[in-house]
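A.B. asks: Questions regarding the structure given below will be posed in turn.
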Amino acid sequence: MHITIITGEIDSGKTTYLSHMIEKIDSRERIAGIIAHGLYEPGKTRKSGFSIESLATGEERMLLYSTQGERTLAVGRFFMSQENLLWAIDELYASKEATAIVIDELGPLELQRRGYYDVVNWILRSWDGRELFLVIRTELLDKILDIFHLDAYKYTIVYINKNKRTIT
């Protein structure tokens with residue numbers, strides 16, 4: 001397995017870059033996983049929430065809201081739907097037959113051993129696919145590399161900023 005890590009600051013274009021990478025993958029590959037889409041209120045430039053999309057089924061659900069609702073967890077300035085997080089985790093576990101898995105994105109919850117933490121460990125230990133794509137904010141990159149022991153794997157890091165991309 002090879003891991004491609006896409007990293008950058010908030011609003012640097014990580015998911016946009018990931019989407020372009022996914023489009024270039026051979027159509028014979030079976031792609032699965034979760035991609036997050038930032039949502040904006042009309043006329044606003046600051047994100048008001050995030051939806052998540054299953055790449056296997058195309059189903060999309062709300063994950064992060066700007067207002068608190070029932071069964072939500074506070075995550076930064078957003079509130080996360082626990083139900084839809086569990087759905088996303090189930091989608092990732094169902095990706096075992098895929099040749100490429102996408103997880104957009106790993107962050108503070110995983111550093112607390114919550115969120116996608118268990119399913120990422122399962123993928124790293126048990127999945128025999130070709131390519132794992134991870135999106136991680138630059139400020140959290142070293143901690144995520146450490147908590148998942150990613151140095152034990154072959155990986156490429158793509159640094160994204162609004163002006164250029166750097167691959168190491």
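A.B. asks: Just going by the charge dipole of segment 1-105, with Lys and Arg at +1 and Asp and Glu at -1 on Cβ, which of Ile101, Ala88, Leu73 is farthest out on the positive end?
C.D. replies: Leu73
A.B. asks: Now a separate question. Any idea how many Lys pairs in the chain come in under 22 angstrom at the alpha carbon, given 8 or more places apart or on separate chains?
C.D. replies: 15
A.B. asks: OK, next. How many angstrom separate the Cα center of segment 1-53 from the Cα center of segment 119-163?
C.D. replies: When both Cα centres are located, 15 Å separates them.
A.B. asks: In nm, to one decimal, how far is the modelled label at Asp11 from the one at Asp151, with both set 7 Å along Cα→Cβ?
C.D. replies: For the pair Asp11/Asp151, the computed spacing is 3.5 nm.
A.B. asks: A further question follows. Out of all DSSP beta bridges in the chain, what portion is antiparallel? Express it as a percent rounded to 5.
C.D. replies: Values: 21 of 45 bridges.
Around 45 percent antiparallel, to the nearest 5.
A.B. asks: DSSP beta bridges in segment 89-168, what fraction antiparallel, as a percent rounded to 5?
C.D. replies: Details: 3 of 9 bridges.
Expressed as a percentage, antiparallel bridges in segment 89-168 total about 35.
A.B. asks: Could you work out the mean projected area of the convex hull around the alpha carbons of the chain, in square nanometres to one decimal? Spell out each step's value before the answer.
C.D. replies: Details: hull surface 39.2 nm².
Computing the convex hull of the Cα atoms and averaging its projections yields 9.8 nm².
A.B. asks: Using Cα-Cα distances under 8 Å and only pairs 6 or more residues apart, what relative contact order does segment 21-149 have, in percent?
C.D. replies: Values: 204 pairs, mean separation 27.6, N = 129.
Result for segment 21-149 is 21 percent.
A.B. asks: How big is the charge dipole of segment 58-168 about its Cα centre, in debye rounded to the nearest 20, if each Lys and Arg gets +1 on its Cβ and each Asp and Glu gets -1 on its Cβ?
C.D. replies: On the way: 14 positive and 17 negative charges, 88 e Å.
Using Cβ point charges on Lys, Arg, Asp and Glu, segment 58-168 gives about 420 debye.
A.B. asks: Additional query: Distance from a point 7 Å along Cα→Cβ of Arg46 to each backbone N in segment 71-87: keep the residues under 13 Å and list them by number.
C.D. replies: Label zone hits: 77-78.
A.B. asks: Here's something else I'd like to know. Rounded to a whole number of µm²/s, how large is the Stokes-Einstein D of segment 1-86 at 25 °C and 0.890 mPa s, given Rh as the Kirkwood radius over C-alpha pairs? Write out the running numbers ahead of the final one.
C.D. replies: Working: Rh = 14.5 Å.
It comes out at roughly 169 µm²/s.
Each reported figure results from applying straightforward, stated rules to the coordinates on display, with no laboratory input. Fair warning: this is a prediction, and the values are worked out from it, not measured in the lab. Glycine also receives a Cβ, built like all others from the backbone with ideal geometry; neighbour counts cover every protein chain displayed.
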